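The values are calculated or read from the model by the stated rules, or taken from the named source; none is laboratory data. Keep in mind the model is a prediction, meaning the values are calculated, not measured. Counting neighbours? That spans all protein chains shown, and the Cβs are built from the backbone with ideal geometry, glycine included.
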Amino acid sequence: MRIPTEPIGSVPRPADLRAALNGRAQGLLDEAELAKQQESAVIDTLTRLGETGSSVLVDGEQSKPSFVTYPVAGLATLSPDGVVIPFADGHTRQLPCITEGPFRYQVRAESYLRSAQQHTDRPLKQAVIAPSALSLLYPPTPIKGYSREEFLHDLADEAEADIRGCLDAGAHVVQLDFTEGRLALKLDPSGGVLDEFIALNNEVLGRFSADERARIGVHTCPGGDLDSTHSLDVDYANLLPKLFQLKAGNFYLQLASEADPERVLGTIREHLPPTVRAFVGVTDPVNATPETPEEVRDRVLLAARYIPVDQLGTCDDCGFSPFADDASTSRELAFAKIGARVRGTALAEAVLSS
């Protein structure tokens, strides 16, 4: 009885890559040298993930400026004063906003996938940002000659191309990062913003066939940045019923950091569609203490009491250090947690197969 296990996406950048990024920002390093550092970090990430026993690899998003802003990297028509996202520890992240249209991706995730494929023949998962997150790039004051409706139309086309490019390039699975789902309920408890997000994402997902959607997943978590979160205080029960309306074949669900995981598992059992797989989080990237394989095993066995084993998978709660400047988590800790997830999932498989 096999229980698949997958990483989410981000892995902490090594110190020399962070230094190279700072050097590039200050004009002290050229683009070619930065690219060498990024490629080296990708190779090391793939190697170390393989050493953990991971059957599905990721490039660790070593070449992305962040998991959310990679499509607009280098876009000249941006203003820095976009939506501000507050975290529980008091720090914030601010998104840019566009100043004119039409909206076009400057970078597609396919480029990261093809680069990683040069260094491994193992299955590769590719994370992409959900269109709902990028919808926040449109400013509150309408852009003259480019309406929000026109922007959302362009965005849906661009997001579809981002996903389809990765599928066509041979991604094992394409994962939409939808961390703004839970945050939407914090910003708008009525659920209106979340409904808009679900509708936009489904507009894109509905363009894919059933076979293609089997290779598409959606990840949700309460955010994980600088060892803090933005929406862990939002009740999961208010998100999950709507989350499972998304037209995806896989869901990657933060769970290890939940105060009452059994209550969440009960909600998953109630609303999980019969044709999809639920990957439950069994390691908490925000917690500095590494899980043991035995702790992971027990979390998997608990989940198996609520989710049919043929619909069950495991993952990390969130990516590790999804923003390039985040040095709060070491690579050593991240790989220790990933290794515990892989070994603990195998221990649970043995118990469930006995």
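Check whether at least one residue in the range 236-247 is surrounded by 20 or more Cβ atoms within 10 Å (Cβ to Cβ), on the phi < 0 side of the Ramachandran plot, part of a helix (DSSP H, G or I) and out of contact with any strand residue (DSSP E or B) (no Cβ under 7 Å at 6 or more places or on another chain), and report yes or no. Yes: the range 236-247 contains one or more residues that are surrounded by 20 or more Cβ atoms within 10 Å (Cβ to Cβ), on the phi < 0 side of the Ramachandran plot, part of a helix (DSSP H, G or I) and out of contact with any strand residue (DSSP E or B) (no Cβ under 7 Å at 6 or more places or on another chain). Inside the range 1-25, residues that are assigned to a helix (DSSP H, G or I) and buried (at least 16 other Cβ atoms within 10 Å of the Cβ) make up a count of 5. Just give me the residues in the range 64-88 being closer than 17 Å to Pro322 by Cα, touching a Ser or Thr at 6+ places or on another chain (Cβ under 7 Å) and of a type outside the set (A, V, I, L, M), in sequence order. The answer is Phe67, Pro86, Phe87. The number of residues in the range 295-354 being within 22 Å of Gln38 (Cα to Cα), of a type in the set (Gly, Ala, Ser) and not in a helix (DSSP H, G or I) comes to 6. When we screen Asp89, Asp59 for residues that are in contact (Cβ under 8 Å) with a residue 40 or more places away in the chain, of a type in the set (Asp, Glu) and either in a helix (DSSP H, G or I) or in contact with a helix residue (DSSP H, G or I) (Cβ under 7 Å, 6 or more places away or on another chain) (or both), the only hit is Asp59. For the range 26-38, the count of residues that are crowded, with 18+ Cβ neighbours inside 10 Å, out of contact with any Asp or Glu (no Cβ under 8 Å at 6 or more places or on another chain) and over 27 Å from Pro222 (Cα atoms) is at least one. Among the residues of the range 218-240, not one is within 14 Å of the chain's Cα centre (by Cα) and farther than 22 Å from Ala334 by Cα. Contact map, the range 6-19: residues that are farther than 30 Å from Ile216 by Cβ paired with residues that are among the hydrophobic types (A, V, I, L, M, F, W, C), Cβ distance under 6 Å, separation 6+ or inter-chain. Pairs shown: Pro14/Ala41.
The set of residues in the range 123-137 being part of a loop (DSSP other than H, G, I, E, B) and under 16 Å from Val204 (Cβ atoms) consists of Ala130 alone.
Looking across the range 184-216, the residues that are surrounded by fewer than 23 Cβ atoms within 10 Å (Cβ to Cβ), of a type outside the set (A, V, I, L, M, F, W, C) and closer than 29 Å to Pro123 by Cβ come down to Asn202, Glu203, Gly206, Arg207, Ser209, Asp211, Glu212, Arg213, Arg215.
Residues considered: Arg213, Arg182, Arg164. Of these, the only one that is free of Cβ contacts under 8 Å to residues at least 40 places away in the same chain and of a type in the set (Lys, Arg) is Arg213. Inside the range 224-233, residues that are in a loop (DSSP other than H, G, I, E, B) and either crowded, with 22+ Cβ neighbours inside 10 Å or touching a Pro at 6+ places or on another chain (Cβ under 7 Å) (or both) make up a count of 5.
Restricting the range 92-117 to residues that are in contact (Cβ under 8 Å) with a residue 12 or more places away in the chain and β-branched (Val, Ile, Thr) leaves a set whose member that is nearest to Leu176 (Cα to Cα) is Val107. One residue is enough: does the range 316-339 have a residue meeting the conditions surrounded by fewer than 24 Cβ atoms within 10 Å (Cβ to Cβ), farther than 29 Å from Lys64 by Cβ and not basic (Lys, Arg)? Scanning the range 316-339, I find no residue that is surrounded by fewer than 24 Cβ atoms within 10 Å (Cβ to Cβ), farther than 29 Å from Lys64 by Cβ and not basic (Lys, Arg), so the answer is no. Scanning the range 146-179 for residues that are modelled with pLDDT under 95 and not in a loop (DSSP other than H, G, I, E, B) turns up nothing. Each residue in the range 168-183 was checked for being over 16 Å from the mean Cα position of the chain (by Cα) and either small (Gly, Ala, Ser) or surrounded by 20 or more Cβ atoms within 10 Å (Cβ to Cβ) (or both), and 2 pass. Of all residues in the range 41-56, those being in a helix (DSSP H, G or I), of a type in the set (S, T, N, Q) and in contact (Cβ under 8 Å) with a residue 24 or more places away in the chain number 1.
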